[in-house]
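Since the structure comes first, as structure tokens, the remarks are kept for the end.
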Protein chains: 2
Amino acid sequence: MKTSLVAVDFHGQGCSECAVRGFSVCASLDQFEMREFEQLSRRSHFASCETVFSQEDITSCFYNLLDGVMRLYKLLPDGRRQIVGFVLPGDFVGMTTEERHGFSADAIGPVTVCQFAKLPFGRFAHDKPNLLRRMNELAVQELNQARDHMVLLGRRSAEEKVATFLVSWRDRLVDLRGPSNIVPLPMSRQDIADYLGLTIETVSRTFTKLERDGIITILPGGVSLRDSARAEALAAA
Amino acid sequence: MKTSLVAVDFHGQGCSECAVRGFSVCASLDQFEMREFEQLSRRSHFASCETVFSQEDITSCFYNLLDGVMRLYKLLPDGRRQIVGFVLPGDFVGMTTEERHGFSADAIGPVTVCQFAKLPFGRFAHDKPNLLRRMNELAVQELNQARDHMVLLGRRSAEEKVATFLVSWRDRLVDLRGPSNIVPLPMSRQDIADYLGLTIETVSRTFTKLERDGIITILPGGVSLRDSARAEALAAA
DNA sequence: AGTTCCGATTGATTCAAATCAAATGACGGG
DNA sequence: CCCGTCATTTGATTTGAATCAATCGGAACT
């Protein structure tokens, strides 16, 4: 069995032992609420590249990622793809009041999710201000990320895009797994290209250039951020 | 006095007569909550091009736009600008748990806002599930818009960008003021360029091309969507 | 009416990234 | 170990949009 590059250990099936308990939506729930909430949730697994939900699907579930990485993306009718985000453990996905998801999600490597049917979840959350506030907080965070990404897509060069991606992906992994300048990249070059609004060739060339400039070292399955100050400078300016 | 192209009539100062009462955040409040809420709010006016708040400002207020149009944008240190959204009456702006706004807002033409100090607003909302759910709904809507905009910025041609912008701007105005194919554009060409990730020259050329192709007619202060089916086709594909 | 000012348009040229086209490299199966 | 497959890298060329550079046009002044 291939182990995930971005694994989080979890031992039981119960929420109290859940790896993600402390920092996901559920962090807002007290002991009693938690017990009820546990009844609504179901663990499921998806294999590498399996689709968790599709943009035209009726929204029937919300998902809390427990382990692995997912990509969220939108497809245009002619096949052009824009990845709107990568999902890491603890991230809450699919929250919407719309009838349809509007974007697709699939697994990058094997994935474990905690799944909630929309209606029972809605009933549960309906009169729980603590949970609603937490959901708000998460939505606002995502919105801020989305706006940052708009700046990147609209106004930055290929080199800035790639450097920004590497730095912010590393920062997310650091939050999750502690500091390291080794940056695992479980997603393909094509995924990175579709996330940054570039082609795969440009991404590849830009990696090579960053390596030539001594900013990164390309490793199998990732990179090492060799000169992270310089990478951060590219990401900021 | 110059009248706003996107005016909404409102007659009194009280929330009950507010033009925006029915579809903004406040739509979720009952009569009694409304009365309390009213105490927290303060009307203010901003002149054309005045800044309502700046990206590095400490978040002290949230804003509900009552009349006029605003632009929300982020600036890079070197001056590059990405407009992350245009704000129309009824839109709720600035909701964040972060210490700083992270983006700037300024008036395009004269603007009236309903303003709430962050802390009292937070206390008021704290245990009001109806309001919290409404805020969630609005945040999720914005997030969906943001993701659509990522697709546009990352994967669409200049012509598609401009057509998409015109169609979706028209749709927002239709929701607000009823059907019409006359599309007022209170923002400058530079604003449109910074929204679409293009230069002003490319926007101008693309307008001209769309007019040559019989899709729009350029009017002072806006355009007429002459062949809205063709514009929508460009926007979709 | 003439002048100034500023936003918008148009034209000429350049350039960054896309496209087209191989070559290379990593991995899994026979 | 060799072969086929597929992802990635590298190279050559094209191209869409950016940049540089005038002009145009409308509104607000005298």
Review point. Could you say whether any residue in region B:159-179 is more than 21 Å from B:Val111 (Cα to Cα), surrounded by fewer than 16 Cβ atoms within 10 Å (Cβ to Cβ) and touching a Ser or Thr at 6+ places or on another chain (Cβ under 7 Å)?
Key: no
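Find the helices (runs of 4 or more DSSP H) located wholly in region B:183-237 whose residues include 3 or more that are over 19 Å from the mean Cα position of the chain (by Cα) and closer than 24 Å to A:Gly79 by Cα, and list them. So that I can check it myself, show each step before the final result.
Numbers: elements: B:189-196, B:200-212, B:228-236.
Of the helices (runs of 4 or more DSSP H) lying wholly inside region B:183-237, those with at least 3 residues that are over 19 Å from the mean Cα position of the chain (by Cα) and closer than 24 Å to A:Gly79 by Cα span B:228-236.
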Point to revise | Subset tally (residues that are under 15 Å from A:Val25 (Cβ atoms) and either among the aromatic types (Phe, Trp, Tyr) or open to solvent by 20 Å² or more (accessible area, probe 1.4 Å) (or both)) for region A:90-114 | key: 3
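Which of the following residues is more than 15 Å from DNA strand D (Cβ to nearest atom), more than 10 Å from chain B (Cβ to nearest Cβ) and open to solvent by less than 50 Å² (accessible area, probe 1.4 Å): A:Leu185, A:Leu234? Spell out how you get there, then give the answer.
Numbers: A:Leu185 fails: more than 15 Å from DNA strand D (Cβ to nearest atom).
On inspection, the qualifying residue turns out to be A:Leu234.
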Review point. Does any residue of region A:204-212 turn out to be more than 27 Å from A:Ser48 (Cα to Cα), at pLDDT 95 or above, open to solvent by 40 Å² or more (accessible area, probe 1.4 Å) and facing chain B (nearest Cβ under 9 Å)?
Key: no
Review point. Does B:Leu76 qualify as being of a type in the set (A, V, I, L, M, F, W, C), under 16 Å from A:Ala146 (Cβ atoms) and modelled with pLDDT of 95 or more?
Key: no
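So is A:Leu225 within 13 Å of DNA strand C (Cβ to nearest atom) and not charged (D, E, K, R) or not? Quick ask: steps written out before the conclusion?
Working: within 13 Å of DNA strand C (Cβ to nearest atom): no; not charged (D, E, K, R): yes.
Answer is no for this residue.
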Check your understanding: Could you say whether any residue in region A:69-86 is over 17 Å from the mean Cα position of the chain (by Cα) and hydrophobic (A, V, I, L, M, F, W, C)?
Key -> yes
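Residues that are surrounded by fewer than 22 Cβ atoms within 10 Å (Cβ to Cβ), touching a Cys at 6+ places or on another chain (Cβ under 7 Å) and among the basic types (Lys, Arg): does region B:115-124 have at least one?
Residues of region B:115-124 surrounded by fewer than 22 Cβ atoms within 10 Å (Cβ to Cβ): B:115, B:117-124.
When the remaining residues are screened for being touching a Cys at 6+ places or on another chain (Cβ under 7 Å), the result is B:115, B:117-118.
Imposing the further condition that a residue be among the basic types (Lys, Arg) reduces the set to B:118.
Looking for residues that are surrounded by fewer than 22 Cβ atoms within 10 Å (Cβ to Cβ), touching a Cys at 6+ places or on another chain (Cβ under 7 Å) and among the basic types (Lys, Arg), one finds at least one in region B:115-124, hence yes.
I'd like the full set of residues that are among the polar types (S, T, N, Q) and either more than 6 Å from DNA strand D (Cβ to nearest atom) or touching a helix residue (DSSP H, G or I) at 6+ places or on another chain (Cβ under 7 Å) (or both), limited to region A:188-204. Talk me through it step by step, then tell me what you get.
Filtering region A:188-204 down to residues among the polar types (S, T, N, Q) leaves A:188, A:190, A:199, A:202, A:204.
Answer for region A:188-204, where residues must be among the polar types (S, T, N, Q) and either more than 6 Å from DNA strand D (Cβ to nearest atom) or touching a helix residue (DSSP H, G or I) at 6+ places or on another chain (Cβ under 7 Å) (or both): A:Gln190, A:Thr199, A:Thr202, A:Ser204.
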Review point. Taking the stated definitions as given, is A:Ile215 open to solvent by less than 20 Å² (accessible area, probe 1.4 Å) and either in contact (Cβ under 8 Å) with a residue 24 or more places away in the chain or assigned by TED's automatic domain parsing to the domain that holds A:Leu88 (or both)?
Key: yes
Practice item. Say whether the condition of being modelled with pLDDT of 95 or more and within 16 Å of DNA strand D (Cβ to nearest atom) is met by at least one residue in region B:120-132. Key: no
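Check every one of the helices (runs of 4 or more DSSP H) wholly within region A:95-178 and list those with 3 or more residues that are more than 16 Å from DNA strand C (Cβ to nearest atom) and in the same structural domain as A:Asp194 (by TED's automatic domain parsing).
Working: elements: A:118-125, A:129-155, A:158-177.
Result: A:158-177.
Might you check whether a residue that is part of a strand (DSSP E or B) and either without any contact (Cβ under 8 Å) to a residue 40 or more places away in the chain or among the β-branched types (Val, Ile, Thr) (or both) occurs anywhere in region B:19-31? Write out each step before concluding.
Taking region B:19-31 first, the residues part of a strand (DSSP E or B) are none.
Looking for residues that are part of a strand (DSSP E or B) and either without any contact (Cβ under 8 Å) to a residue 40 or more places away in the chain or among the β-branched types (Val, Ile, Thr) (or both), one finds none in region B:19-31, hence no.
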Exercise for review: Give just the number: which of (1) within 7 Å of chain B (Cβ to nearest Cβ); (2) surrounded by 17 or more Cβ atoms within 10 Å (Cβ to Cβ); (3) touching a helix residue (DSSP H, G or I) at 6+ places or on another chain (Cβ under 8 Å) does A:Val151 not satisfy?
Suggested key: (3)
Practice item. Find all pairs meeting these conditions: Cβ atoms under 8 angstrom apart; at least six residues apart or on different chains; first residue within region B:131-144 and at the interface with chain A (Cβ under 7 Å from one of its Cβ atoms); second residue open to solvent by 30 Å² or more (accessible area, probe 1.4 Å) and aliphatic (A, V, I, L, M). Key: B:Met135/B:Met95; B:Asn136/A:Met95; B:Ala139/B:Met95; B:Val140/A:Met95
Check your understanding: So which of B:Ile200, B:Ile192, B:Ile216 is within 13 Å of chain A (Cβ to nearest Cβ), within 11 Å of DNA strand C (Cβ to nearest atom) and over 30 Å from A:Gly122 (Cα atoms)?
Key -> B:Ile192
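Within region B:71-78, does at least one residue satisfy the condition of being more than 30 Å from A:Ser157 (Cα to Cα) and either open to solvent by less than 50 Å² (accessible area, probe 1.4 Å) or away from chain A (no Cβ under 14 Å) (or both)? Talk me through it step by step, then tell me what you get.
Going through region B:71-78, the residues more than 30 Å from A:Ser157 (Cα to Cα) turn out to be none.
There is no residue in region B:71-78 that is more than 30 Å from A:Ser157 (Cα to Cα) and either open to solvent by less than 50 Å² (accessible area, probe 1.4 Å) or away from chain A (no Cβ under 14 Å) (or both).
The values are calculated or read from the model by the stated rules, or taken from the named source; none is laboratory data. Bear in mind that the values here come from a model prediction, so they are computed numbers and not experimental data. Here Cβ is always computed from backbone atoms with ideal geometry, including for glycine, and neighbour counts include all displayed protein chains. When the accessible area is computed, the model is the full protein with side chains, heavy atoms only, and any ligands, DNA or RNA have been set aside. Shrake-Rupley method; radii C 1.70, N 1.55, O 1.52, S 1.80 Å.
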